[in-house]
């Protein structure tokens with residue numbers, strides 16, 4: 001699963017864009033300030049940075065510079081950058097591109113267009129693996145399709161999101177709390193522990209040969225669930 005750092009101080013943009021990106025299968029970390037963004041870069045690796053230029057305590061330019069800094073310890077030196085800006089002028093665009101950004105988009109923007117640009121940049125940078133497989137299950141994260149053998153499966157938004165979380169964490173035991181964090185409030189639905197149980201059951205009914213004895217999403221007693229070894 002590709003992880004995006006979204007640095008933006010407008011809560012309405014943050015909420016809507018985070019929900020859309022997660023619906024599309026991305027993991028999203030939010031930073032509302034330059035300080036929060038720099039801390040996130042110190043401790044986490046990101047596949048793409050989505051940076052607002054104007055921040056309460058600085059700018060997206062500073063975050064970009066930190067991410068692109070030539071340092072052996074920098075985990076995000078090759079993370080592509082897209083700037084979000086309220087300024088529709090040549091100087092702003094050129095400054096961002098000269099700093100090494102791959103793209104920029106002006107506010108107000110069309111969210112679906114931004115998602116398309118993100119996917120294109122990740123594909124060009126070789127950071128995305130569009131087809132994920134587990135047994136006879138194939139998921140194309142760019143097209144949003146799921147196949148079991150030659151049969152296309154039709155999943156709800158939450159089922160699809162949950163499946164992507166499992167497939168992008170092969171071999172990792174995922175606790176119920178971790179799963180809840182990953183699918184929380186996608187598509188505007190309240191997700192609690194009981195809801196998670198229902199969605200795992202529904203997902204198994206669609207992807208497993210024998211849902212009562214699952215071979216793809218396995219239960220690890222006392223710990224959670226795991227896909228793969």
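Share of antiparallel DSSP beta bridges in the chain, in percent to the nearest 5?
50
Compute the Cα gyration tensor for the stretch 131-227, then decide on rounded, prolate or oblate, letting a ≥ b ≥ c be the square roots of its eigenvalues: rounded whenever a/c is under 1.5, prolate when a/b is larger than b/c in the other cases, and oblate in all that remain.
oblate
On a 0 to 90 degree scale, rounded to 10, what angle separates helix 11-23 from the longest Cα axis of the chain?
Rounded to the nearest ten degrees, it is 40.
Between residue 91 and residue 181, 0.36 nm times their residue separation minus their Cα-Cα distance comes to what?
28.4 nm
If you fit an axis through the alpha-carbon atoms of helix 157-167 and take the longest principal axis of the Cα set of the chain, what angle between them do you get, 0 to 90°, nearest 10?
Approximately 90 degrees, to the nearest ten.
To the nearest 500 deg cm²/dmol, what mean residue ellipticity at 222 nm is calculated for the chain from DSSP H runs of n ≥ 4 alone, each contributing -39,500 (n - 2.57), summed and divided by the residues?
Computed mean residue ellipticity for the chain: -12000 deg cm²/dmol.
Which log10 I(q)/I(0) values does the chain give at q = 0.10, 0.18 Å⁻¹ under the Debye formula, counting every alpha carbon as one identical point scatterer?
Taking Cα atoms of the chain as identical point scatterers yields -0.50, -1.31.
Based only on other Cβ atoms within 10 Å, what is the fewest-to-most ordering of 83, 166, 109, 154?
Lowest to highest Cβ neighbour count: 154, 109, 166, 83.
Using a Förster distance of 25 angstrom, determine the FRET efficiency expected from the C-beta separation of residue 123 and residue 202, and round it to 0.05.
With R0 = 25 Å, the Cβ-Cβ based efficiency is 0.25.
Given the C-alpha centroids of the stretch 197-229 and the stretch 143-160, what is the distance between them in whole angstrom?
The distance from the Cα centre of the stretch 197-229 to that of the stretch 143-160 comes to 16 Å.
Efficiency by 1/(1 + (r/R0)^6): what FRET value for residue 10 and residue 212, r their Cβ-Cβ distance, R0 = 30 Å, to the nearest 0.05?
0.05
Could you list 117, 161 in order of exposure, starting from the residue whose Cβ has the fewest other Cβ atoms within 10 Å?
117, 161
If neighbour count is taken as other Cβ atoms inside 10 Å, put 104, 147 in order from fewest to most.
Listed from fewest to most nearby Cβ atoms, that is 147, 104.
If you take all C-alpha pairs in the stretch 3-124, what percent of them are over 26 Å apart?
When every Cα pair of the stretch 3-124 is considered, 10 percent fall beyond 26 Å.
Quick one: helix 111-124 against the long Cα principal axis of the chain, what's the angle to the nearest 10°, folded into 0 to 90?
90
No lab work stands behind these numbers, since they all come straight from the coordinates. Since the model is a prediction, treat every value here as computed from it, not as a measurement. With ideal geometry, Cβ positions are generated from the backbone for all residues, glycine too; neighbour counts draw on all protein chains shown.
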